[in-house]
Every structure is written in structure tokens, then in C-alpha cells.
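Asker: Here it is, the structure in full.
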Amino acid sequence: MARFATQTLRRLNPVGEELEEARLAKHLTLPHLAKRLNIPVQYLTALEAGEWEALPRGDYGRYFLRQYARFLGLDAEKLLQQYPGPNVRHVVQPPRRAPVNPSRAVHPLRRLLLVLVGLGVLAYLAVAARATFLPPQLTLSSPASDGSTTSPMVTVAGVTQTGTEVAVNGEAVEVMESGRFTASVSLRPGFNTLTVTARKSLSGQTTLTRRILFTPPPIASDQPELVP
């Protein structure tokens, strides 16, 4: 019976085998070399495995092979002769950054414009929220301050913000589109407190008070004065 001698099958990729043997002889790892050469580790793996189709198109594959071989101290030009495709000596340096999609690139002026528009929107929302939730402004022009009168009626007049509900001593008062309002209030003899309130549906309430002293005039007598 004939005996067959077993032989170790050598890889059909002498370039990758030479690269791997040189790397192992220097006790280097692929991740370490990827950082030193600035080459993705998957491309170094493809060079050692002879998977040329996994390398980038164009001159990038030759560039990676040249840099890898030179770092390991190998004859780069000799290995490049075994690289498939035309042997181009002038190798274009690959970009250190990934190519930017022009459709996603944002011009600095456009970015600044977007920031300004965003700030404008935020400012508008802040003003709108302030006008919605803060108590409305309220000013009384009559009576402007506490005082006294001999008239049994007093006019309450003032101005507030549009869309505000105004009440005088609990009685609703009509507010014009300009925000002005007017009401007549009857007074009792003595001190009278006028309470004016203004509020919106979602805001707090603003309150102003006035104290008015009503002194009725003396009643004239119809009887003639007696002369002694």
C-alpha cells in the first residue's frame, strides 16, 4: 500500500503572509498598528488575508500596502508588484477625515442664521409666556390717590391690557379695545374703600385700592332766621 506524505499547504497570498510574519516577529498587534499608521484595522486585516476586494477603490489599497510594508521594514516596491491592477508609483494621500456629504454640510453663515432664528423664537416665546401668565398691568387715573369729596358719586377710570377682566368692588366693568375702562360708584357717608381688580384667564390678579372720605354737604333750612 502506497504511503502519501503530508505537506503543509502554504497560502496563495505571499504578500499577506510576509506582512503577517513580519508583524508577528515584531510582536505587534493589528489594533496597535492601526493607530500608528492611521489606517483602519479592517484594511490591515484585509491586506494580510489577501482580500483585495475589501480594500478601498483606487490608489488607497496600494497606499495602505506601501505604508504597512515600510513600517515593518519590508521591500514595499516588491510587494506592490504582486498587488493586483496596474502598479502606480504616484500614490494619492488618503484623506484623514471621512468625506463630508455636501448635502449635509452647513455653511457657517447659514449656521449662524439658524442660531439667530432660534434665539428669536425663544425670545418671542418668553415674551408671550410673560404676557400670558404674569398679572396684567393696571393704572388708575381717577381717583389718582386717596382723598375726600362732598359728591355722593365718584368716577373710577383707568387703563389695563387688552383682554383683561376688570371689576370695581366685585362688579364687572366693561373694558374697551384700547384697555381703558370707566365706572361710577355710589359713596356712603364716611370712608369708602374702592377695590379695583384686573386679571386674565391664565394669569394672576392685580389689585389697586383707594380710600375716599365722603362728607355730605349740610342741609339748608327752609325756615327764616328769627331776629330777636
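The values are calculated or read from the model by the stated rules, or taken from the named source; none is laboratory data. From a predicted model like this one, the values you see are computed outputs, not experimental measurements. Note that we place each Cβ from the backbone using ideal geometry, even for glycine, and neighbour counts take in every protein chain shown.
Asker: Consider Val154 carefully, then state whether it is assigned to a strand (DSSP E or B), at pLDDT 85 or above, out of contact with any Cys (no Cβ under 6 Å at 6 or more places or on another chain) and not polar (S, T, N, Q).
Answerer: Yes: the conditions hold for Val154.
Asker: State all residues of segment 37-62 that are assigned to a helix (DSSP H, G or I) and surrounded by 19 or more Cβ atoms within 10 Å (Cβ to Cβ); if no residue qualifies, say none.
Answerer: Correct list: Tyr43, Leu44, Ala46, Leu47, Glu48, Gly61, Arg62.
Asker: Would you mention how many residues in segment 186-228 are modelled with pLDDT under 85, surrounded by fewer than 13 Cβ atoms within 10 Å (Cβ to Cβ) and closer than 30 Å to Thr164 by Cβ?
Answerer: Total satisfying the criteria: 3.
Asker: Still on this structure, please answer the following. Restricting to segment 33-50, count the residues that are without any contact (Cβ under 8 Å) to a residue 12 or more places away in the chain and within 40 Å of the chain's Cα centre (by Cα).
Answerer: Count: 4.
Asker: Within segment 7-36, count every residue that is surrounded by fewer than 14 Cβ atoms within 10 Å (Cβ to Cβ), part of a helix (DSSP H, G or I) and at pLDDT below 90.
Answerer: 1
Asker: Against the definition (hydroxyl-bearing (Ser, Thr, Tyr) and part of a loop (DSSP other than H, G, I, E, B)), how does Ser141 come out, yes or no?
Answerer: no
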